[in-house]
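I have placed the structure first, in the form of structure tokens, so that the comments after it can refer back to it.
The values are calculated or read from the model by the stated rules, or taken from the named source; none is laboratory data. Note that this is a predicted model, so its numbers are computed, not measured. Neighbour counts are summed over all protein chains in view; Cβ atoms, including those assigned to glycine, are modelled from backbone coordinates with ideal geometry.
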Amino acid sequence: MGESGGRRTQLLRGVLDLCLLAVMGEGPAYGYEMTKRLGERGLSIVGEGSIYPLLGRLERDGLVDTHRAASNGGPPRKYYRLSGQGRRALAAGISEWETTRDAVDAVLGLATVEVSS
Amino acid sequence: MNQFVKACQREWKRLGVPESAANEMAADLEADLAEAQADGASPEAVLGNGYFDARSFAASWALARGVAHVSPRPTPTVQLSARTLTFVASALVCLVIAAGGFLLLAGHASGSTSVAVALRHSLPRPVPSMFVSPHRFFSGPGNGVEPLGWVLLIAGLVGFGLILWLWKPWATTKLPESNRNIGLPSYL
């Protein structure tokens, strides 16, 4: 993995749980369904950590509720949806992300870089 | 059943994950992998880089859910035990060396009546002359027994002290975080 790939991994690591909470906010979803929702927004987890341990942690921390239900023509799946605590954590996380993003943009936006080949 | 899922189940069993939780995780995983395959997606699209290490993936999932009952990594404890044994053995060797030096000095101080003489009487067969008296073995100008005794005594005590001095910081040294988390994704 190159330097840029390593940085992407580090950046994702801090916000992937927020992204999962966000896609769950669109409606209950099972594991692979969440992966697809992330992928539709350009966030592929190929080469990154799996979402399953994160889902396990979110469940353990009470940020999501789960139930089993039949999927479209497939076997019963475990669906995850935001709990009240999860909604509050998502709101707080989005606020933190925006503050951090704006501050980083303010710094990086001023940088002028010349790269010689 | 998918080979990856089978490997995960073996790891969950090893970790003492309750059967109901293990079956649930396995069923979800298998269904997701099957759906991804039907979509033409790679397993890596479902599992991320966890696809390349089933055991680590399974352990991190079980730990994150709080359903693992045994530590996935006994190695650090084994390393600590080996370290302890090394220190204890080294300390014993130093003490034996110091004791040898002390016995030589004690034997020298009491003339030719050394411990070695006592040995001679207790043994049923003739003892080689070197055990009769250190004086006879280290014969020569100035008699080397006393210096040798001092050397052994001091070397043994210094070595023992050095081991005690080294032992305290080493015993309290914690293993690096990276060692304790080997195999687990760092986002946990």
Item to check | Hits in segment B:31-44 (condition: within 9 Å of chain A (Cβ to nearest Cβ) and under 40 Å from the mean Cα position of the chain (by Cα)) | outcome: B:44
Checklist entry - Do you know which of the residues in segment A:4-45 that are out of contact with any Ser or Thr (no Cβ under 7 Å at 6 or more places or on another chain) and of a type in the set (Val, Ile, Thr) is farthest from the other protein chains (Cβ to nearest Cβ)? => result A:23
Checklist entry - From the residues in segment A:30-49 that are farther than 21 Å from residue A:89 by Cα and hydroxyl-bearing (Ser, Thr, Tyr), which one is surrounded by the fewest Cβ atoms within 10 Å (Cβ to Cβ)? => result A:44
Checklist entry - Only one of these conditions is not met by residue B:7: (1) surrounded by 21 or more Cβ atoms within 10 Å (Cβ to Cβ); (2) touching a Lys or Arg at 6+ places or on another chain (Cβ under 7 Å); (3) over 26 Å from residue A:37 (Cα atoms). Which number is it? => result (1)
Item to check | So residue A:89, is it loosely packed, with under 12 Cβ neighbours inside 10 Å and either modelled with pLDDT under 95 or out of contact with any Ser or Thr (no Cβ under 8 Å at 6 or more places or on another chain) (or both) | outcome: no
Next on the checklist: Tell me whether segment A:69-82 contains one or more residues that are modelled with pLDDT of 95 or more, surrounded by 18 or more Cβ atoms within 10 Å (Cβ to Cβ) and among the aliphatic types (A, V, I, L, M).
Outcome noted: yes
